[in-house]
Amino acid sequence: MNNSTGNFTSPETSTNATTQSFGFVEILELCVYSISFLVGVPTHSYIIWLIITGAGSGVASEFFILNLSVSEAGFYMNCLNFVLSEWFAFILQFKLFLAGLITTGRPLFQCLMCVERYLAVVHPVTFLKYKPLRYRVICSTAAWIITLGSCLCCMYTINPRDTLHMWFLSVQFLLFLSIQLFCLVAVLRALKQSGPGERGREREEENHMKRRAFSLILINTMSTVITYVPYCIAGFFAIVRKNLNSAYWLPGLVCYVLAGFVQPLLYLHRTGKLSCPCLL
């Protein structure tokens with residue numbers, strides 16, 4: 001995202017990328033992209049394989065996690081395009097197209113996971129009504145259509161001379177963050193309340209379920225903040241300074257990559273494939 005906005009503003013800069021020497025920031029970017037590709041693709045591919053083979057709770061209950069991992073795997077595959085585009089200019093358009101996975105894919109599927117947990121805790125009757133897999137497939141299909149639209153938008157609006165893309169990012173950030181904060185507060189309120197007639201072990205089990213839902217929504221909310229806030233700050237700073245420097249975007253890139261490994265670690269820990277006492 002940063003590389004696409006900073007180094008490929010015109011065909012001339014793309015063509016001359018092979019003849020220009022790399023600076024310190026550019027070398028760091030290439031290292032981050034390379035490590036992301038080498039670590040991210042195998043990790044999310046493994047999670048997709050675990051879900052499909054039924055190592056977890058089943059495809060139906062983990063369908064949104066499956067789609068999230070597919071989206072993340074696509075992003076980490078695109079990291080390879082970011083590296084190769086430094087030498088092969090014809091990859092530019094495809095790289096910009098897949099940038100939509102950065103801006104929309106992850107937070108959208110995280111929002112779906114938050115809404116699902118919100119319904120399970122606050123509106124359990126509605127959750128049971130829409131629990132079958134077909135409803136998750138419908139929601140995921142709509143999410144992929146929106147993500148495809150974002151990919152097309154990124155392909156045509158990523159330009160440092162145009163603030164449209166930055167406003168596009170900011171509006172998405174506020175929308176996704178608002179939805180997740182609403183789910184977070186609602187589940188927190190439900191966690192503090194006890195249902196009528198609850199006592200002993202039943203109350204303890206329900207509170208445990210509410211705490212897990214609250215923790216998942218909190219993690220997704222923080223991941224959304226970590227994903228978008230550095231990019232938004234860098235974008236507005238670049239607009240005010242009227243100077244787009246690759247160094248502005250590097251912290252955002254690092255934060256996005258690190259945030260992308262939170263869900264895989266949690267899933268691997270939950271399925272018993274990773275033992276770590278600090279995880280949920």
Could you check Q93 against (1) at pLDDT below 80; (2) over 26 Å from A234 (Cβ atoms); (3) not basic (K, R) and say which number it fails?
(2)
Among the listed residues S178, S223, S170, which satisfies the condition of being at pLDDT below 85, surrounded by fewer than 18 Cβ atoms within 10 Å (Cβ to Cβ) and hydroxyl-bearing (S, T, Y)?
S170
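Which of the residues belonging to segment 82-132 are in a loop (DSSP other than H, G, I, E, B) and of a type outside the set (S, T, N, Q)? Steps first, answer last, please.
From segment 82-132, those in a loop (DSSP other than H, G, I, E, B) are 85-88, 99, 123, 130-132; that's our starting set.
Matches in segment 82-132: E86, W87, F88, A99, H123, Y130, K131, P132.
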Within segment 106-132, work out how many residues are β-branched (V, I, T), modelled with pLDDT under 90 and open to solvent by 20 Å² or more (accessible area, probe 1.4 Å).
3
Just to check your reading of the model, which residue among I102, I51, I91 is in contact with an Asp or Glu (Cβ under 7 Å, 6 or more places away or on another chain) and not basic (K, R)?
I51
From the list L164, L152, which one is at pLDDT below 75, open to solvent by 60 Å² or more (accessible area, probe 1.4 Å) and out of contact with any Pro (no Cβ under 9 Å at 6 or more places or on another chain)?
L164
Matching residues in segment 79-108 - criterion: being touching a helix residue (DSSP H, G or I) at 6+ places or on another chain (Cβ under 7 Å) and without any contact (Cβ under 8 Å) to a residue 60 or more places away in the chain
C79, L80, N81, V83, L84, I91, F94, F97, L98, G100, L101, G105
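The values are calculated or read from the model by the stated rules, or taken from the named source; none is laboratory data. Everything numeric here is computed off the predicted structure, so don't read it as measured data. Heads up, the Cβs are rebuilt from the backbone with ideal geometry, glycines too, and the neighbour counts pull from every protein chain shown. Side chains are part of the model used for accessible areas, which takes the heavy atoms of the whole protein and leaves out ligands, DNA and RNA. Shrake-Rupley method; radii C 1.70, N 1.55, O 1.52, S 1.80 Å.
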